[in-house]
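The values are calculated or read from the model by the stated rules, or taken from the named source; none is laboratory data. Remember, predicted model here, so these are calculated numbers, not experimental data. A quick note on method: Cβ atoms are made from the backbone with ideal geometry, for glycine too, and the neighbour counts reach across all protein chains shown. Note: accessible area is taken over every heavy atom of the protein model, side chains too, but ligands, DNA and RNA are not part of it. Shrake-Rupley method; radii C 1.70, N 1.55, O 1.52, S 1.80 Å.
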Amino acid sequence: MTTVANIAPARPVTITDTGVEVALSEGPAYFNSYWLRDNCPTSFNSATRERSFDIFHLSEAPRPETAEMDGDELVIRWAGEGHVSRYPLSLLEAFAGGQKRHDPADLPRQAWYGDHYAEVPRFSQPTLLADKAEVAKWIEALIVEGLAIVTDMPDTDAGLTELVELMGQVRPTFFGLYFDVKTHINPTNTAYTASALELHTDTPAEEMAPGVQFLHCRANTVEGGQSLYADGVAVANDFRARDPEGFRLLSETPVPFYCEHDTYDMRSRQTIIELDEHGEVSGLTISQHMLDISDLPQHLLDAWYPAFCRFGRMLQEPRYLMRFMMKAGECMVFDNHRIVHGRAAYSATSGDRYLRGTYADRAEMRSTYRALVSEGRFK
């Protein structure tokens, strides 16, 4: 008995005036000649992981002289160059149809509500310092839920820096590298008083406000001073359903923010509700005490201000507002573009309350996460 081997039929390849058509698993796919030449696997330096090929130096438009399949690779010989490119089908499948490159850090957000405190993800600082896998879980929690509590923090300045550097670098603002939340004799910010602090995101007057905030509680023995947190994604998503026109105004209208004192005069224009590339709510920029005098047309404000007030009142509804007392040795880590936070008033003479804070960038945080959980293109 003779056995005939099953041989996969050759995939047809067609050269066109501007590129190549290849039969892939989902059907025919077209690839532009410039894209193919620029992204030849040999165009990238394996050591630097950067593109070393310079397409600007081609004397004329790239043109395939021949194009054919060799096993699971597309092989192209380029006219006038003497260069041969070999493209794995897996690469072509990944970019066929113009879909975006897979991003392991593009995780769906999970909204949470005022009863969430017991379920907030918690991580021990010594464990994070010792275990990269725990760091990946910590960052994933920050991407998905927007906040986490780090416990067992040492009562030192260095402990906060060590924590930040697990995901990136300390990100300075015009306040400096770090800030100390305690009662100041001559305060330059409402946070430096014992007064109540309304729900807000930090430094909205910066053109690109820092993405991740760290608040390390070093002492908290005062009467009052409950921490207040709410998930801007949960509130804004519900606001979109409750008040579509108000949502449109707050997500499409940039408004002025400011922060001014003797040595700085920071200004920016931001929308109250932020949307991501998918049109989903990614967070908020909101701060009553740093909202500038609006220079928008007054008739636009006839609709914008009522929507702003409806949304602001919604943020404070018990359904969304999480209240708790921070404990010494804890560090709240949260997405400053998503999580609104504040504080109840406290008695400055009843004890000691000291939080040391700083920031990191969301982009660096996501970069670290990708490096921890994926192989990348060059490993």
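Taking amide hydrogens as modeled 1.01 Å from N in the peptide plane, which residues meet the under 5 Å criterion relative to S124, leaving out close sequence neighbours?
Under 5 Å from the amide H of S124 lie the amide H atoms of T151, each far enough along the sequence or on another chain.
222 nm [θ] for the chain, helices only, -39500 (n - 2.57) per DSSP H run of 4+, per residue, to 500?
Working: 9 runs with 91 residues, N = 379.
Estimated from H runs of four or more residues: -7000 deg cm²/dmol.
Dipole size in debye (nearest 20) for the chain around its Cα centre, Lys and Arg Cβ +1, Asp and Glu Cβ -1?
Details: 35 positive and 55 negative charges, 106 e Å.
It comes to approximately 520 debye.
Nearest 10 degrees, 0 to 90: what angle lies between the long axis of helix 362-373 and the longest principal axis of the chain (Cα atoms)?
Around 50 degrees separate the two axes.
Connecting C-alpha atoms closer than 10 Å in a GNM of the chain, tell me which of Y30, Y305, Y117 has the biggest fluctuation.
In this elastic network of the chain, the residue with the biggest mean-square fluctuation among Y30, Y305, Y117 is Y30.
Which ³J(HN,Hα) values, rounded to whole Hz and listed in residue order, are derived for segment 123-129 from phi using the Karplus coefficients 6.51, -1.76 and 1.60 in 6.51 cos²θ - 1.76 cosθ + 1.60 with θ = phi - 60°, glycine and proline given as x?
For segment 123-129, the Karplus curve yields 9, 8, 4, x, 5, 4, 5 Hz.
Tell me, what ³J(HN,Hα) does each residue in segment 214-226 have, in order and in whole Hz, if you take phi through Karplus 6.51 cos²θ - 1.76 cosθ + 1.60 with θ = phi - 60° and put x for Gly and Pro?
The phi angles translate into 10, 10, 9, 7, 9, 7, 7, 10, 7, 8, x, x, 4 Hz.
Considering only protein heavy atoms and a 1.4 Å probe, what is the carbon-and-sulfur percentage of the accessible area of the chain?
Values: 9880 of 19430 Å².
Of the solvent-accessible surface of the chain, carbon and sulfur hold 51 percent.
Among L291, V135, F95, which residue has its Cα furthest toward the positive end of the charge dipole of the chain, with +1 on Lys/Arg Cβ and -1 on Asp/Glu Cβ?
Going by the Cα projections, it comes out as V135.
Once amide H atoms are built 1.01 Å from N in the peptide plane, which residues 5 or more positions from S282, or in another chain, come under 5 Å H to H?
E274, L275, D276
In degrees from 0 to 90, rounded to the nearest 10, what is the angle of the helix 132-145 Cα long axis to the longest principal axis of the chain?
With both axes taken from Cα atoms, the answer is about 70 degrees.
May I ask you to evaluate 6.51 cos²θ - 1.76 cosθ + 1.60, the Karplus curve with θ = phi - 60°, for each residue of segment 265-278 and list the ³J(HN,Hα) values in order in whole Hz, giving x for glycine and proline?
These are the phi-based 3J(HN,Hα) values: 8, 8, 9, 7, 10, 9, 7, 5, 9, 9, 10, 8, 5, 8 Hz.
Under a 1.4 Å probe, what is the accessible area of the chain per residue, stated in Å²? Don't skip to the answer; put the middle values down first.
On the way: 19430 Å² over 379 residues.
Solvent-accessible surface per residue comes out at 51 Å².
DSSP loop trypsin sites (Lys or Arg not before Pro) in segment 201-262 with at most 16 other Cβ atoms within 10 Å of their Cβ, which ones?
none
Compute, for M153, the solvent-accessible surface of its heavy atoms (probe 1.4 Å) with the complete set of protein chains present, and express it in square angstrom to the nearest 10.
20
Set the Förster distance to 22 Å, then compute FRET efficiency between T127 and E375 from the Cβ-Cβ distance, nearest 0.05. Could the numbers behind the result be given before it?
Values: r = 25 Å, r/R0 = 1.13.
Taking R0 as 22 Å, the efficiency between T127 and E375 is 0.30.
Amide H neighbours of V181 under 5 Å, at least 5 residues apart or on other chains, H built in the peptide plane: list them.
Correct list: L355, R356, G357.
Roughly what angle does helix 232-242 make with the longest principal axis of the chain, taking Cα atoms, 0 to 90 degrees, to the nearest 10?
The angle comes out at about 90 degrees.
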